[in-house]
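One structure is given below, encoded as structure tokens.
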Amino acid sequence: MKNCYIARSPMVAARQLGSEMVIMSATDSTLFSLNEVASLIWKSADGATPLREIVNDKVCAEFDVDPEIAFADAERLVGELAERGLLLLTNEPAGPSPVEAERGL
Amino acid sequence: MTTALMQELNAKALELGVPFSAHLDVTYRCNERCVHCYLDHDDHGEMTLSELKNLLNQLAEAGVFFLTLSGGEVLMRMDFFDILGYARELRFNVKIKTNAFMIREKEADLIRELGVQSVQISIYSHRPEIHDGITKLPGSLRRSVAAIRLLKSRGVNVTMANVLMRQNLHDYAGVRALAKELCVEVTTDPTITPKMDGDRGVLGLGIRDSQLSEIFHDSQFVGNVEEFCARPAALDDGALDGVPCSAGHTYCYISPYGDVYPCVQFPLACGNVRKEKFLDIWRHSKRINEARSIRARDLPTCSTCAHLGSCTRCPGLAFMEGNMRGPSSLDCEKSFARTGIASANMIARMAPRTAIHGSADHPSTFSSLVQITSARS
């Protein structure tokens, strides 16, 4: 996952509730709740920012965590979310939808 | 696990004062004329697409996650898929309520592509003469069932909504068999509500008390009859001091004209999003805060009722009877039909009268507020 880009699946519903992110997939109606760190990664999953950059610039800037440990955890997380169809992983950058870009969703 | 998480999230939304769920009617216009419908189908100035987009932005910012788009018939709006597409761009979890008459291949494809969580379709009977007789639209059962097949073939979650009334009382087993054949869920609901203008005439279409009792004691309908019809449990402080329902707490309803209500079944206008910001109404409306303040302990009649701990008393139906802190007779009837034990409201009303319950000649105008889900796909 050296040059990994992550984007939120268009089939997913999501909303911030307090410090956590609530997510539901339209494919299998499974409900998920992401903690504060995972929510930050989710919100940064614009398809255009490499995962490494998200970890360094967002996660490590906000939480006191070793960058390599954080990156390894982030890789595991995005792998699990991708397996469930919630995130899309690519090796090339892609832009967010116009509404998402405008509203930072 | 999902249920436990859902309860946890609802509790958190309640604690934070977040409207986690909203029901938005995008139009009251409809291509059907269902005999029991409570709406005025004329267009008195629906919100435009631009106004609706602005509202959806506000709802997303307020924290709404579950969004029901309903009507009227949503597809009477030529711009419905623009509304839906925008709602999905904002990542709402969208449920559509429709009669599905206008859903063909193209619409089914769009519903799938836009990631709609579920589609609820009204089916009154498995027999065309009964269903179409209720909707007053010839061919409506055939078209609605065809739409269910189109949606299911694309993997969309579909639920049938089966409202029970006199015309179709004996067809719920047939509707369930149809649901099973189509591999969809079905909810059966014997609730008929007064019209929005207060006219209670439609309540006469509701099923009679004896029939209500009969279906409440049918395991095919309620599952575990013994449990469903158990005598009321002893009261505890939780029942007396808890929030009675989500109306105005984590849920709200918005009409096509921008009026905000605590619930689709609670016609207490709390403000209008054409004049005020949604969050200002949600947080500061005196009326919504009044509705929020209701606790069972403060209810003059119901707090003394044996059914209080198990009653599904609806403050909106009570409001339509004249007092949001008063009894909801529809729910009293339901409690009685389940248990055979009269509610405090019924006892009080019986005193000056000879009878409260209906007979074959004088059927009760009361129905019940219960919704039972079965036949999971």
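The values are calculated or read from the model by the stated rules, or taken from the named source; none is laboratory data. Computed from a predicted model, the values in this text were never measured in an experiment. Note that we place each Cβ from the backbone using ideal geometry, even for glycine, and neighbour counts take in every protein chain shown. Accessible surface areas use protein heavy atoms only, side chains included; no ligands, DNA or RNA. Shrake-Rupley method; radii C 1.70, N 1.55, O 1.52, S 1.80 Å.
For A:GLY47, the criteria (1) within 14 Å of another protein chain (Cβ to nearest Cβ); (2) buried (at least 17 other Cβ atoms within 10 Å of the Cβ); (3) outside any helix (DSSP H, G or I); (4) in contact with a Ser or Thr (Cβ under 9 Å, 6 or more places away or on another chain) hold in every case but one, which is (1). Determine whether B:LEU69 is surrounded by fewer than 23 Cβ atoms within 10 Å (Cβ to Cβ) and either within 14 Å of another protein chain (Cβ to nearest Cβ) or over 30 Å from B:PHE216 (Cα atoms) (or both). For B:LEU69, the condition - surrounded by fewer than 23 Cβ atoms within 10 Å (Cβ to Cβ) and either within 14 Å of another protein chain (Cβ to nearest Cβ) or over 30 Å from B:PHE216 (Cα atoms) (or both) - is not met.
Looking only at residues that are within 14 Å of another protein chain (Cβ to nearest Cβ) and hydroxyl-bearing (Ser, Thr, Tyr) in the stretch B:1-49, which one is farthest from B:GLN167 (Cα to Cα)? Among residues in the stretch B:1-49 that are within 14 Å of another protein chain (Cβ to nearest Cβ) and hydroxyl-bearing (Ser, Thr, Tyr), the one farthest from B:GLN167 (Cα to Cα) is B:THR2. Scanning the stretch B:299-324 for residues that are crowded, with 18+ Cβ neighbours inside 10 Å and more than 19 Å from the chain's Cα centre (by Cα) yields a count of 7. Scanning the stretch B:109-120 for residues that are of a type in the set (S, T, N, Q) and within 9 Å of chain A (Cβ to nearest Cβ) yields B:GLN117, B:SER118. When B:ASP236, B:ASP298, B:ASP259 are screened for being free of Cβ contacts under 8 Å to residues at least 24 places away in the same chain, on the phi < 0 side of the Ramachandran plot and among the charged types (D, E, K, R), only B:ASP259 passes. Give the stretch A:3-30 a look and list any residue that's assigned to a loop (DSSP other than H, G, I, E, B), more than 8 Å from chain B (Cβ to nearest Cβ) and open to solvent by 20 Å² or more (accessible area, probe 1.4 Å), or say none. Across the stretch A:3-30, the qualifying residues are A:ASN3, A:SER19, A:ASP28. Here B:LYS106 passes the criteria (1) farther than 17 Å from B:PHE278 by Cα; (2) at pLDDT 95 or above; (3) more than 18 Å from the chain's Cα centre (by Cα); (4) within 14 Å of chain A (Cβ to nearest Cβ) except the one numbered (4). When the criteria are applied in full, B:ILE121 fails the requirement of being in contact (Cβ under 8 Å) with a residue 40 or more places away in the chain and assigned to a helix (DSSP H, G or I). Within the stretch B:295-312, can one find any residue that is in a loop (DSSP other than H, G, I, E, B) and at pLDDT below 75? No - not one qualifying residue is present in the stretch B:295-312.
Condition check ((1) open to solvent by less than 40 Å² (accessible area, probe 1.4 Å); (2) modelled with pLDDT under 95) across all residues:
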{"position": "B:GLN120", "(1), (2)": "yes, no"}
{"position": "B:TYR124", "(1), (2)": "yes, no"}
{"position": "B:ILE130", "(1), (2)": "yes, no"}
{"position": "B:ILE134", "(1), (2)": "yes, no"}
{"position": "B:ARG154", "(1), (2)": "no, no"}
{"position": "B:THR159", "(1), (2)": "yes, no"}
{"position": "B:ARG166", "(1), (2)": "no, yes"}
{"position": "B:ALA179", "(1), (2)": "yes, no"}
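Among the residues making up the stretch B:75-92, those that are open to solvent by 10 Å² or more (accessible area, probe 1.4 Å) and within 14 Å of another protein chain (Cβ to nearest Cβ) are B:ASP82, B:GLY85, B:TYR86, B:ARG88, B:GLU89, B:ARG91. Among the candidates B:LYS95, B:LYS53, the residue that is within 14 Å of another protein chain (Cβ to nearest Cβ) and in a strand (DSSP E or B) is uniquely B:LYS95.
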